[in-house]
Amino acid sequence: MRKVEPLVWKDNKLTLIDQRRIPHEENFLSFDTVEGVHSAIKDMVVRGAPLIGFTALFGMVVAVNTAKEFTFEELQKQGDYLKTARPTAVNLAYEVDRALELCAIEIKEGRIETLKNTLEKFAMAQMEKLHHDNLQMAKFAFEDLKERYGDKKLNLMTLCNTGFLACGPMGTALGVIEYAFQQGQVNHVYASETRPYLQGGRLTAYELTVSGIPHSVTVEGAFSYLLKNKLVDAIFIGADRIVENGDTANKVGSSTLAIVAKHYGVPFYTVAPTSTFDLNSKTGDDIEIEMRPEEEVLEAVGKRICPMESRALNPSFDVTDHRLLTGIVCEKGLIKDITPENVVKTVRP
Ligand code: MRU
């Protein structure tokens, strides 16, 4: 197992590692049409809010490359189409909108010949920025851990997947864990397996293995057992959308974990770049939760596990109430007193 690049843009093609096949296979798929990029996001070849955003950004480069009719309206149509691939992770719309803003300027100024190169450079710079921002977030979170626990070797917990597969070189929540490990302060990590797609059991466990971090995979049903028995000192999760009052959408099960953490007094942090904030939405009630295919629940590793007559309900995300959070970490700081004013002041100073 090795630290692979989950997304590579080369020769006008977007190459993605097929995250559905990790850890058993390293299989790469290439896309050079907007439809292909859309399906890669929708069918979970690529997942995790930041990487979905970057994939869509390169989808816009593909749109420029393959445009038959070169107008802003046509590019906007392609951008709107890309945005429909998955509804909850706001990074998708955020990156497409940044690309469209840039296209509008370049087209207005008549710089059409160079538009593809300009967009490419912008997309690369956005990925580079996230790497820098992730390090900053890790430092903010680690400072808080130090204040709370001093030099104690910590047992940390996470859910879903927020490492290099979801973000590029360094992760958000998993970036914090990796940074704390590098500082010599991690004893053990618990990775919740994350039914039904097993992002924790397959992807986070893969990343922790690559980084040499001692870990155990647990089932979601073990949340209470772990926290009641004081096996965990702090929990870090990522986010798909954080709204103005701090309510946070993340992988389904996050809110359950936060409620159990509050009950047992375990610090619970969400870690996400400012591109994951949606300040146009006031509370978590405004967030659209993606419903995914029933088969993801009714089957496991391609085999039916439930009676043929059974139906399934498969919400992909849930919303954690901001009152359950110990802090929200973004590259601009750690928000501990979570109010709409403080969220806005931090994200858009
Ligand atoms: O359905 P997924 O795998 O795209 O869900 C991903 C998550 O919920 C992640 O925790 C979130 O996107 C943050 S990734 C840094």
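Against the numbered list (1) buried (at least 21 other Cβ atoms within 10 Å of the Cβ); (2) of a type in the set (V, I, T); (3) in a helix (DSSP H, G or I), V46 comes up short only at (3).
Of the helices (runs of 4 or more DSSP H) lying entirely inside region 200-264, those containing at least 1 residues that are within 13 Å of the ligand (Cβ to nearest atom) and assigned by TED's automatic domain parsing to the domain that holds G175 are 205-210, 254-264.
Please go through region 7-43 and give me each residue that is farther than 21 Å from Y197 by Cα and open to solvent by less than 10 Å² (accessible area, probe 1.4 Å), ordered by number. Across region 7-43, the qualifying residues are L14, V34. Within region 294-310, not a single residue is in contact (Cβ under 8 Å) with a residue 24 or more places away in the chain, away from the ligand (no atom under 16 Å from the Cβ) and not hydrophobic (A, V, I, L, M, F, W, C). Scanning region 153-187 for residues that are in contact with a strand residue (DSSP E or B) (Cβ under 8 Å, 6 or more places away or on another chain) and farther than 19 Å from T270 by Cα yields K153, Q185, N187.
Residue-wise test of (1) modelled with pLDDT of 95 or more; (2) more than 17 Å from the chain's Cα centre (by Cα); (3) over 28 Å from T270 (Cβ atoms).
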{"position": "N27", "(1), (2), (3)": "yes, yes, yes"}
{"position": "G36", "(1), (2), (3)": "yes, yes, yes"}
{"position": "G48", "(1), (2), (3)": "yes, no, no"}
{"position": "A67", "(1), (2), (3)": "no, yes, yes"}
{"position": "E95", "(1), (2), (3)": "yes, no, no"}
{"position": "C103", "(1), (2), (3)": "yes, yes, yes"}
{"position": "R111", "(1), (2), (3)": "no, yes, yes"}
{"position": "E120", "(1), (2), (3)": "yes, yes, yes"}
{"position": "D133", "(1), (2), (3)": "yes, no, no"}
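With respect to S316, is the statement that it is touching a Lys or Arg at 6+ places or on another chain (Cβ under 9 Å) and within 16 Å of the ligand (Cβ to nearest atom) true? For S316, the condition - touching a Lys or Arg at 6+ places or on another chain (Cβ under 9 Å) and within 16 Å of the ligand (Cβ to nearest atom) - is met. When residues in region 273-291 are screened for being within 13 Å of the ligand (Cβ to nearest atom) and open to solvent by 30 Å² or more (accessible area, probe 1.4 Å), 2 of them pass.
Just one of the listed residues (N187, N161) is in a loop (DSSP other than H, G, I, E, B) and either buried (at least 24 other Cβ atoms within 10 Å of the Cβ) or more than 15 Å from the ligand (Cβ to nearest atom) (or both), and it is N161.
Only a single criterion out of (1) part of a helix (DSSP H, G or I); (2) over 27 Å from L154 (Cβ atoms); (3) open to solvent by less than 20 Å² (accessible area, probe 1.4 Å) is not satisfied by V344, namely (3). Name the single residue that is least open to solvent (accessible area, probe 1.4 Å) among those in region 190-227 being out of contact with any His (no Cβ under 9 Å at 6 or more places or on another chain) and over 28 Å from P293 (Cα atoms). The qualifying residue least open to solvent (accessible area, probe 1.4 Å) is L226.
Conditions tested, residue by residue: (1) surrounded by fewer than 23 Cβ atoms within 10 Å (Cβ to Cβ); (2) in contact (Cβ under 8 Å) with a residue 12 or more places away in the chain; (3) within 16 Å of E220 (Cβ to Cβ).
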residue: F236; (1), (2), (3): no, yes, no
residue: V243; (1), (2), (3): no, yes, no
residue: G246; (1), (2), (3): no, yes, no
residue: A249; (1), (2), (3): no, yes, no
residue: I259; (1), (2), (3): yes, yes, yes
residue: L313; (1), (2), (3): yes, yes, yes
residue: F317; (1), (2), (3): no, yes, yes
residue: T320; (1), (2), (3): no, yes, yes
residue: C330; (1), (2), (3): no, yes, no
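The values are calculated or read from the model by the stated rules, or taken from the named source; none is laboratory data. Everything quoted here is computed from the prediction, not taken from an experiment. When we count neighbours, we look across all protein chains shown, and the Cβ atoms used for this are built from the backbone with ideal geometry, even at glycine. Protein only, heavy atoms only, side chains kept; ligands, DNA and RNA dropped before computing areas. Shrake-Rupley method; radii C 1.70, N 1.55, O 1.52, S 1.80 Å.
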